[in-house]
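A.B. asks: Here it is, the structure, as structure tokens.
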Amino acid sequence: MSAVIGFDSTKYDQLIAQVGKILQDFTDGAAGPLPLNGDLQLQPAGQSWQPAADLVAAGKARFGEMGKRNDDLSGSLTDLQAALVQARSIFNDTEDLAAVSVEEFQQAAGPHALHRIEGGQ
């Protein structure tokens, strides 16, 4: 006896909305419109006291790295969200999701970045 895997469109739409909310957080910043990138300064630039100048340089490097990682993740999540939206058609067009082949699902979803989110390239 095989089970039929059904589709819950409400839950699926909630998943798409949640990915969209995460993307919005990347755009706006978690605490408001403060993007974490190399432009964020821990102190004003042009410090003459060496420890303060070192702090500015370290902050610029760290926030620059964080900004690049956030941009990469944001791009991957954008691709994932687009794939989730595209894949919705297969859920609407079939009665039994267990009967859908990987190839059919990939055709419906199109290329997506899930493997990049998991750490692959």
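The values are calculated or read from the model by the stated rules, or taken from the named source; none is laboratory data. Owing to the predicted nature of the structure, the values given are computational and were not obtained by experimental measurement. A quick note on method: Cβ atoms are made from the backbone with ideal geometry, for glycine too, and the neighbour counts reach across all protein chains shown.
A.B. asks: If you go through segment 78-100 one residue at a time, do you hit one that is exposed (fewer than 12 other Cβ atoms within 10 Å of the Cβ) and of a type in the set (F, W, Y)?
C.D. replies: No, because not a single residue in segment 78-100 is exposed (fewer than 12 other Cβ atoms within 10 Å of the Cβ) and of a type in the set (F, W, Y).
A.B. asks: State whether one or more residues within segment 34-52 are of a type in the set (G, A, S), assigned to a helix (DSSP H, G or I), on the phi < 0 side of the Ramachandran plot and modelled with pLDDT of 80 or more.
C.D. replies: yes
A.B. asks: In segment 83-111, how many are touching a helix residue (DSSP H, G or I) at 6+ places or on another chain (Cβ under 7 Å), within 19 Å of L15 (Cα to Cα) and not in a helix (DSSP H, G or I)?
C.D. replies: Here the count works out to 1.
A.B. asks: Pick out the one residue from G64, G75, G59 that is within 19 Å of the chain's Cα centre (by Cα), more than 30 Å from D8 (Cα to Cα), small (G, A, S) and in a helix (DSSP H, G or I).
C.D. replies: Testing whether each residue is within 19 Å of the chain's Cα centre (by Cα), more than 30 Å from D8 (Cα to Cα), small (G, A, S) and in a helix (DSSP H, G or I) leaves just G64.
A.B. asks: Residue pairs, Cβ under 9 Å, 6 or more apart or interchain, first in segment 31-44 and farther than 17 Å from L73 by Cβ, second modelled with pLDDT under 70 and not β-branched (V, I, T). List them.
C.D. replies: The qualifying pairs are L40/L34.
A.B. asks: List every residue pair whose Cβ atoms lie under 7 Å apart, where the two residues are 6 or more positions apart in sequence or sit on different chains, the first residue falls within segment 62-89 and is closer than 11 Å to V19 by Cα, and the second residue, located anywhere, is of a type in the set (G, A, S) and in a helix (DSSP H, G or I).
C.D. replies: Q81/G20
A.B. asks: If you don't mind, there's one more thing I want to ask. Out of all the residues in segment 35-55, is one or more closer than 19 Å to K21 by Cα and under 27 Å from the mean Cα position of the chain (by Cα)?
C.D. replies: Yes; the residues of segment 35-55 include at least one that is closer than 19 Å to K21 by Cα and under 27 Å from the mean Cα position of the chain (by Cα).
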